[in-house]
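Some notes on the structure that comes next.
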Amino acid sequence: MAESETGPRVAVITGAGSGIGRAVVRALVADGWAVALAGRRAAALEETARLADAGGQALAVPTDVTRPTEVTELFRAAAGRFGRVDLLFNNAGGFGPAVPLEELAHADWQSVVDTNLTGAFLCAQAAFRQMSGQDPRGGRIINNGSVSAHAPRPDSIAYTATKHAMTGLTKSLSLDGRKHRIACGQIDIGNAATEMTEAMRTGTRQADGTLAAEPVMDAADVARTVLHMASLPLEANVQFATVMATTMPYIGRG
């Protein structure tokens, strides 16, 4: 069971209302964690808590991670309810429109940057403030990268740029967290079966311009990896992990 010196370990999960976030909540709750669920849709967060059978070990906090005051309130609520925060899973994000870069509106670019990168920074900053001052001191941050942190898809410049930036964020957090006993790692995910990747089952654009269906994997397989990373003692860290559908077009030529 996931317990600290003060009781169950406590996780904050952003983007918890669906997909990978929901799968991670279910895995953590099954392992005995208390969880604070963040996302824009209150009903979706409550549904996640119900599906996880979390009972009193879940707190739904509707949050827009692009708004600093809402992020501050998220961590205040989590620590107020459960006493501390041991884990942040920085998972909130979006693709943006799949259009040629010369047609990408500034507002669409900015929206992806605000959610994927600035939102992750704001949550990490709030986690640092909480984790560095609690007793026992420290905690862990796991950032949701993507295989797009290594290789882009066509017409995905905003998403790809933010996921490359997430790697820089992870490295800086890992370094700056040492003095606070805060570990930071990144999980790069390829083709987990979620609402966001539904089109991959029928046809998604390839580098040569063709459309092709791609294999996907169960999001629960991602959640098990996050749970492993989260369960390590703070003296050990998975710095980077890649979990992907085995035969997706990532390794090799097409």
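Bear in mind these aren't lab numbers, they're just calculated from the coordinates by the rules spelled out. For clarity, every value in this text was computed on a predicted model and none was experimentally measured. Virtual Cβ from ideal backbone geometry, glycine too; neighbours counted across all protein chains shown.
The residues packed around residue 183, meaning those with a beta-carbon under 14 Å from its beta-carbon, carry a net charge of +4 if Lys and Arg are +1 and Asp and Glu are -1. Report the antiparallel proportion of the DSSP beta bridges in region 3-244 as a percent, rounded to a multiple of 5. Rounded to the nearest five, the antiparallel share is 10 percent. I want to verify a result. In a Gaussian network model of the chain, Cα cutoff 10 Å, which of these has the top mean-square fluctuation: 220, 58, 105? Top of the fluctuation ranking is 105. Counting only DSSP beta bridges with both residues in region 136-254, the antiparallel share comes to about 15 percent.
When the charge dipole of the chain is built from unit charges on Cβ atoms (+1 for Lys and Arg, -1 for Asp and Glu) and taken about the Cα centre, the candidate among 61, 51, 210 whose Cα reaches farthest toward its positive end is 61. The string of couplings for region 90-104 from the Karplus curve (6.51, -1.76, 1.60, θ = phi - 60°) is 7, 10, 4, x, x, 7, x, x, 8, 10, x, 4, 5, 9, 6 Hz, one whole number per residue in order, with x for Gly and Pro.
The charge dipole of the chain, taken about its Cα centre with unit charges on the Cβ of Lys, Arg, Asp and Glu (plus for the first two, minus for the last two), comes to roughly 600 debye. Computed packing ranks the peptides 84-90, 39-45 as 84-90, 39-45, most packed first, by mean other Cβ atoms within 10 Å.
Membrane-span-like helices in the chain, defined here as complete DSSP H runs extending at least 24 Å along the helix axis by their C-alpha atoms with mean Kyte-Doolittle hydropathy no lower than -1.0, are 157-176; this is a sequence and geometry rule, not a statement about a membrane.
Here the residues 187, 157, 13, ranked from fewest to most Cβ neighbours within 10 Å of their Cβ, fall in the order 157, 187, 13. Per-residue ellipticity at 222 nm from helix content only, as computed over the chain with -39500 (n - 2.57) for each DSSP H run of at least four residues, stands at -11500 deg cm²/dmol. The relative contact order of the chain comes to 18 percent, based on Cα pairs under 8 Å that sit 6 or more residues apart. In terms of surrounding Cβ atoms within a 10 Å radius of their Cβ, 228, 150, 106 rank from fewest to most as 106, 228, 150. Each residue, residue 102 and residue 53, gets one label point 7 Å from its Cα in the Cβ direction; the gap between the two is 5.6 nm.
Could you please rank 14, 118, placing first whichever residue has the fewest other Cβ atoms within 10 Å of its Cβ? If I rank by nearby Cβ atoms, fewest first, I get 118, 14. Modelled label positions at residue 220 and residue 206, each set 7 Å beyond Cα in the direction of Cβ, lie 3.1 nm from each other.
Extent along the principal axes, Cα only, for the chain: 55, 35, 32 Å, with the longest axis given first.
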